[in-house]
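Notes to accompany the following structure.
The values are calculated or read from the model by the stated rules, or taken from the named source; none is laboratory data. Being a predicted model, the structure only gives us computed values, none of them experimental. No Cβ is skipped: glycine too gets one built from the backbone with ideal geometry, and neighbour counts run over all protein chains shown. Surface areas here come from the heavy atoms of the whole protein model, side chains and all, with no ligands, DNA or RNA. Shrake-Rupley method; radii C 1.70, N 1.55, O 1.52, S 1.80 Å.
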Amino acid sequence: MSEPIVKFQDVHKSFGDIKVLKGINLDIKPAEKVAVIGPSGSGKTTIIRMLMTLEEPTSGDIIVDSTNLWKMEKKGKMVKANEKHLRQVRGDIGMVFQHFNLFPHMTILENCMTAPIHVKKENKEEVRERAIQMLDRVGLGDKLNNYPSQLSGGQKQRVAMARALVMRPKIMLFDEVTSALDPELVGEVLEVIRDIAKHDDMAMVLVTHEMDFALDIADKVLFLDEGVIAEQGTASQVIEHSTNERLQGFLHRFRR
Amino acid sequence: MNFTYWSWDTFFDALPFVLQGLGITVGLTITCYLFALTFGFVWTFLRRVPNKAFNWIVTWTMEFIRSTPPLVQLFFIYYAWPMIPGVGFALNPFASAVLGLGIHFSTYVGEIYRSGIESVDKGQWEASRALNFTTLDKWKKIILPQAIPPTIPMLGNYFIIMFKEVPLASTIGVAGIMLMANTYGAQNWAYLEPLTIVGIIFLVLSYPSAVLIKKLEVKMNTRFDKNAAVKSDQKGAVM
Ligand SMILES: Nc1ncnc2c1ncn2[C@@H]1O[C@H](COP(=O)(O)OP(=O)(O)O)[C@@H](O)[C@H]1O
Ligand SMILES: [Mg+2]
């Protein structure tokens, strides 16, 4: 058994007086594909936002590749991580957002090239080649010089995936990446994720409402409910054979 | 009252005299503007310092500068500042005008930058963070390139507004077209023609600037959005 690449240890998160997460414990192995399901407002987004360093946990530890993400050692004591520490750890993580968040002032190719060049200081020609390959892979090789505003939602989301993948993260986070799309565009995006999940060996955490999709690609499914992981196991255990009543109620609403 | 009637002889006599000040007027406008554009960033970033007391001080300093007439500020810098023991020192009229008008307008420019920055979608900051940009690169590559272009028409308007305030500098002895016209008037007891010339010069320079700004506005809005040309037309007129 390999060491987990991500560990949540008793992680709590509150916004003001509202306790959103109440003790999350979670291990993610390298290359493991984890689907997170649960009712709206149960804290799914918050979990991956903490991992992406967009939100700071109120308490508990998040360990990424053996390094504490939000804390660092200073004079023998663990203190709050500074931006330098966060930058070091964050380099292993990539994220695809619900609303794409492409850079509107850059072409699609530039969107995919800017971070490897400016953040990782990679060679521009190599990055260009890799970015083009990646855009080809998500089916947008013929749109390299278009701007995001000229694309459909599904195309934008595929660019967003290419942009994250060119950074070669060890962990990829997907936050309901199809829920802002018109129904007829969902399939093309899921197809790309399926392809990535089958062929790439990075860990993936997907917040999703697509149960069949989760069943198909996830090694592990977490059911998040009222701030805790109420149920976890293989996709078939959780989605098809669980006896948890709230989970069944939840699934019932989604499988119609 | 002693009226002087219009004379084309006086007009053509005054024209070259007044035009001698044109270089200074245009030069002062451009220098003040560049100063304001640069110093505006200082305000913008000072206001972003996450400290309540500091923020309060910066906000009220800006408010104070904005609510005081530029003429008072000009006089203060030129006449009063040199008299303050310890910190004060004398500045020539041109430098005083650059500082006075430049600082005054930088507070407006700072507000414009702020509105531009606030108009950038929250998701852009998050994507920059997710892609691990440094703070400096985030501003340089992602935030400012989106924040500034939409403000260019507004910044352009301030160029014209500022141009029209530059004659104030004649009161502290900057020899632009306004001072030249005044001097001509005093020497020849003929104010109508030289001041008319000043008016014409302002019209001739402002109007094309306004048209240019309008063009820029459309260009900025269509830079990465083919459908935006329509939107910018609805957004309203220049000036
Ligand atoms: N920045 C925030 N400030 C205040 N409350 C927040 C913030 N982000 C999320 N919340 C609250 O936390 C709860 C969980 O949110 P979220 O993680 O987005 O849930 P989910 O993704 O499962 O729908 C919700 O009640 C939401 O209103
Ligand atoms: Mg969510």
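Being over 30 Å from A:G94 (Cα atoms) and either away from chain A (no Cβ under 14 Å) or outside any loop (DSSP other than H, G, I, E, B) (or both) is the requirement here; does B:R66 meet it? First the steps, then the outcome.
Numbers: over 30 Å from A:G94 (Cα atoms): yes; either away from chain A (no Cβ under 14 Å) or outside any loop (DSSP other than H, G, I, E, B) (or both): yes.
The answer is yes for B:R66.
Are there helices (runs of 4 or more DSSP H) fully within the stretch B:111-171 with at least 1 residues that are acidic (D, E) and either more than 13 Å from every other protein chain (Cβ to nearest Cβ) or out of contact with any Pro (no Cβ under 7 Å at 6 or more places or on another chain) (or both)? List them.
Correct list: B:122-130, B:152-165.
Report yes if A:N68 is modelled with pLDDT of 95 or more, over 25 Å from A:V186 (Cβ atoms), in contact with a helix residue (DSSP H, G or I) (Cβ under 9 Å, 6 or more places away or on another chain) and away from chain B (no Cβ under 14 Å), otherwise no. Lay out the reasoning, then the answer.
Working: modelled with pLDDT of 95 or more: yes; over 25 Å from A:V186 (Cβ atoms): yes; in contact with a helix residue (DSSP H, G or I) (Cβ under 9 Å, 6 or more places away or on another chain): yes; away from chain B (no Cβ under 14 Å): yes.
Criteria met by A:N68.
Could you please give the count of residues in the stretch A:13-46 that are β-branched (V, I, T) and more than 7 Å from ligand 1 (Cβ to nearest atom)? Working first, answer last.
Of the stretch A:13-46, the ones β-branched (V, I, T) are A:18, A:20, A:24, A:28, A:34, A:36-37, A:45-46.
Narrowing the set further to residues that are more than 7 Å from ligand 1 (Cβ to nearest atom) leaves A:24, A:28, A:34, A:36-37.
Residues that pass the stated criteria total 5.
Read through the list (1) within 30 Å of A:M95 (Cβ to Cβ); (2) in a helix (DSSP H, G or I); (3) modelled with pLDDT of 95 or more, then give the number of the only condition that B:F45 fails.
(3)
Taking the condition within 13 Å of B:L131 (Cβ to Cβ) and touching a residue at least 60 places away in the same chain (Cβ under 8 Å), does A:R163 pass?
Numbers: within 13 Å of B:L131 (Cβ to Cβ): yes; touching a residue at least 60 places away in the same chain (Cβ under 8 Å): yes.
Criteria met by A:R163.
Evaluate the stretch A:40-55: report whether one residue or more is open to solvent by 20 Å² or more (accessible area, probe 1.4 Å) and of a type in the set (A, V, I, L, M).
Taking every residue of the stretch A:40-55 in turn, at least one turns out to be open to solvent by 20 Å² or more (accessible area, probe 1.4 Å) and of a type in the set (A, V, I, L, M).
When the stretch A:162-215 is examined, which residues are found to be within 14 Å of the chain's Cα centre (by Cα), within 14 Å of chain B (Cβ to nearest Cβ) and within 16 Å of ligand 2 (Cβ to nearest atom)?
The answer is A:L173, A:F174, A:D175, A:E176, A:V177, A:V205.
Quick check: anything in the stretch A:111-123 in contact (Cβ under 8 Å) with a residue 60 or more places away in the chain and closer than 16 Å to B:S128 by Cα?
The first filter runs over the stretch A:111-123 and keeps only residues in contact (Cβ under 8 Å) with a residue 60 or more places away in the chain, leaving none.
There is no residue in the stretch A:111-123 that is in contact (Cβ under 8 Å) with a residue 60 or more places away in the chain and closer than 16 Å to B:S128 by Cα.
Which of the strands (runs of 3 or more DSSP E) found entirely inside the stretch A:2-101 contain at least 3 residues meeting this: within 16 Å of ligand 2 (Cβ to nearest atom)?
On the way: elements: A:6-15, A:18-28, A:33-37, A:59-64, A:71-74, A:77-80, A:93-96.
So the answer is A:18-28, A:33-37.
Is it true that B:I57 is open to solvent by 80 Å² or more (accessible area, probe 1.4 Å), more than 14 Å from B:A97 (Cβ to Cβ) and β-branched (V, I, T)? If you could, list the steps in order and put the result at the bottom.
Numbers: open to solvent by 80 Å² or more (accessible area, probe 1.4 Å): yes; more than 14 Å from B:A97 (Cβ to Cβ): yes; β-branched (V, I, T): yes.
Yes.
Before we move on, is A:G154 away from chain B (no Cβ under 12 Å) and at positive phi?
Numbers: away from chain B (no Cβ under 12 Å): yes; at positive phi: no.
So A:G154 fails the test.
If I ask for residues that are β-branched (V, I, T) and not in a helix (DSSP H, G or I), which ones from the stretch A:102-133 would you list? So that I can check it myself, show each step before the final result.
Of the residues in the stretch A:102-133, the ones β-branched (V, I, T) are A:107-108, A:114, A:117, A:119, A:127, A:132.
Passing the criteria: A:T107, A:V119.
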